[in-house]
Amino acid sequence: MFFHLSLDSPFGKILLEAQRDQLIGCRFISKSENFPNETNIPILQTAKKQLEEYFLGKRQNFDINLQPQGTTFQQKVWQALQKIPYGETASYKDVAISINHSKAYRAIGLANNKNPIAIFIPCHRVIGSNGKLVGYAGGLDIKQKLLNLEKQYK
């Protein structure tokens, strides 16, 4: 069974999704999208609290049971993303090298785009080799704001 909790953030409306005691989703949604809010699910309450602390600059690391659904390759990429330090960035090529697939930076971009647990798995910290912002499911403006937030509190 899947459980949902939506919350307003400084960057827009966010939907948290859980299955049992695992967070399986965190994504930006439009203000018009509505989901049932299961406020009595502990994992969702913990995720909400940790996100609120993150947005206030009081949390730099998340301590929550994540269970993103994806291929073995995607899982490797998402694990690598979690190693990018708060307030720092890495290029798609850097991530590719870190998982021993030095030429797979396009595949890294595709896996990044499929990240089901935004912010907790910090795909917003991945940038182009030229230092430019590229691709973010929540939009490049939100990606920039998340990076600015982290730089502000680093």
Check your understanding: In square angstrom, what is the accessible area per residue of segment 1-148 with a 1.4 angstrom probe?
Key -> 53 Å²
**Study point:** Loop GluC sites (Glu not before Pro), segment 1-93 (other Cβ atoms within 10 Å of the site Cβ: 11 or fewer; DSSP)
**Key:** Glu33
Point to revise | Charge sum, other residues only, whose C-beta stays under 9 Å from Leu7's C-beta, Lys/Arg counted +1 and Asp/Glu -1 | key: 0
Point to revise | Sequence of Arg20, Arg106 from largest to smallest accessible area, 1.4 Å probe | key: Arg106, Arg20
Practice item. Read through the labelled values (1) 8.7; (2) 15.7; (3) 11.2 and report the label of the one computed as mean projected area of the Cα convex hull in nm² from the structure. Key: (1)
Review point. Residues in segment 100-121 near a label at Ser129, defined as backbone nitrogen under 11 Å from the 7 Å Cα→Cβ point?
Key: 103-106
Practice item. Arrange the residues Lys13, Lys58 by how much accessible surface each exposes, largest first, with a 1.4 angstrom probe. Key: Lys58, Lys13
Study note, to complete from the structure: Share of accessible surface on carbon and sulfur in the chain, whole %, 1.4 Å probe and ligands ignored, is 49 percent
Exercise for review: Work out from phi, with θ = phi - 60° and the Karplus expression 6.51 cos²θ - 1.76 cosθ + 1.60, the ³J(HN,Hα) of each residue of segment 56-67, listed in order in whole Hz, and give x for Gly and Pro.
Suggested key: 8, x, 9, 9, 10, 10, 9, 10, 8, 7, 9, 9
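The values are calculated or read from the model by the stated rules, or taken from the named source; none is laboratory data. Since the structure is predicted, the reported quantities are computational estimates derived from the model, not experimental observations. All Cβ positions, glycine included, derive from the backbone under ideal geometry; neighbour counts span all protein chains shown. Note: accessible area is taken over every heavy atom of the protein model, side chains too, but ligands, DNA and RNA are not part of it. Shrake-Rupley method; radii C 1.70, N 1.55, O 1.52, S 1.80 Å.
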